[in-house]
Amino acid sequence: MVAVALLALVQLWALLDPPGRVAVGPVWAMLLVSCALAFPVLARRRWPLAAFAAALAVALTATVAGLVGGGVVWIAYLPTALALYPVAVAGRTWRSLAVLGTAITLATGAILAYYRWVLPGLAVPTLPVEVPVAWPVEIGLVTVLLGGSAGIGGAVARRRRIAAHLVAESSRRAVAEERLRIARELHDVVGHSLSLIAVQATVANHLGPGSPDAAGSALRTIESTSRGALAEVRRVLGALRSDAELTPIPGPADLPGLAAGSGLAVDLTLRGDRELPAGLGLTVYRIVQEALTNVLRHAETGSCRVLVDRTGPAVLVEVLDDGRGGEPSGSGNGLLGLRERAALFGGTLSAGPRAEGGFAVRARIPIDVEEAR
């Protein structure tokens with residue numbers, strides 16, 4: 001609004017006290033024209049193309065009608081230049097060039113008409129002319145104004161497109177890296193399960209018909225273990241691991257140690273003693289681990305509450321802090337990775353500021369394999 005008021009005052013000055021010949025008309029009409037020239041700038045952000053077209057149409061009409069100051073006709077095109085900037089930012093290069101070319105062509109024709117038919121009929125100023133009153137100067141200034149606005153807007157648009165591409169590429173890379181990490185960790189789960197299957201199969205084979213109860217128990221272990229292993233394989237099919245070293249798989253039982261070594265005062269609550277599949281237990285552990293890391297780095301607080309509830313059909317994970325409550329700074333790839341882990345098991349994860357202050361990370365992941373599909 002302030003910019004529009006200043007533009008209107010500049011337009012009024014150009015009409016009432018131009019360096020060249022003064023436009024003919026009452027003061028109220030000149031004030032109305034000044035407001036009409038500046039008013040379209042108000043809508044340039046919401047309706048950029050419409051605001052630009054309106055500003056250009058008013059400027060052209062005022063030029064041809066002689067409602068501009070001699071020697072400062074270009075001032076009437078200041079609002080047009082301001083309205084052209086968001087058009088260039090929002091549009092593609094070819095569109096911006098077409099709009100710019102059209103505007104310069106129409107403005108050139110209007111200025112030539114003004115100097116050919118309107119200016120000679122206006123009153124000659126009593127004081128010496130302060131600036132050159134010549135159409136090449138006016139056309140040159142209008143071209144510089146419009147071209148500069150379109151050029152700056154185009155540069156900003158290109159920078160925004162590049163930034164958006166980099167953000168999208170960073171997110172894609174983070175998801176790919178997290179999937180690879182998940183595949184490597186679940187490879188340990190599957191490797192452990194297959195090793196157990198091999199041992200139980202060997203036991204069943206050696207016992208044979210002579211010990212049907214022991215052989216049946218081994219076969220039942222093979223059945224349950226293989227089902228769990230196959231469920232993990234379905235989720236990470238195609239993932240490879242570069243190293244063959246198997247490491248212990250962390251899970252909910254390891255959360256007290258994680259909390260103790262986090263450097264925070266963690267109020268940890270573990271509900272239920274239901275055994276989770278190894279891959280799901282690892283996911284719960286990683287969600288809590290990443291959430292505690294975010295609290296330590298970004299929340300500006302020394303405490304938080306962690307809840308892991310395994311009493312229902314889904315495991316519920318909740319990490320709450322009473323810190324500054326903003327989104328974690330940086331790329332946000334950690335939260336992307338957490339959502340990817342939860343989605344891998346058919347679950348959901350949300351993260352954001354709490355109404356009462358602080359930040360919350362909440363996840364719900366089905367425990368049953370069939371429910372997770």
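What's the total number of residues in segment 272-289 that are more than 19 Å from residue 360 (Cα to Cα) and of a type in the set (Lys, Arg)?
1
Might you let me know whether segment 140-152 holds any residue that is at pLDDT below 90 and assigned by TED's automatic domain parsing to the domain that holds residue 90?
Within segment 140-152, none of the residues are at pLDDT below 90 and assigned by TED's automatic domain parsing to the domain that holds residue 90.
Just wondering, is there one or more residues in segment 96-105 that are touching a helix residue (DSSP H, G or I) at 6+ places or on another chain (Cβ under 8 Å), of a type in the set (Gly, Ala, Ser) and at pLDDT below 90?
Yes, segment 96-105 contains a residue that is touching a helix residue (DSSP H, G or I) at 6+ places or on another chain (Cβ under 8 Å), of a type in the set (Gly, Ala, Ser) and at pLDDT below 90.
Mind counting the residues in segment 140-157 that are surrounded by fewer than 19 Cβ atoms within 10 Å (Cβ to Cβ), under 19 Å from residue 75 (Cβ atoms) and β-branched (Val, Ile, Thr)?
2
The values are calculated or read from the model by the stated rules, or taken from the named source; none is laboratory data. Owing to the predicted nature of the structure, the values given are computational and were not obtained by experimental measurement. All Cβ positions, glycine included, derive from the backbone under ideal geometry; neighbour counts span all protein chains shown.
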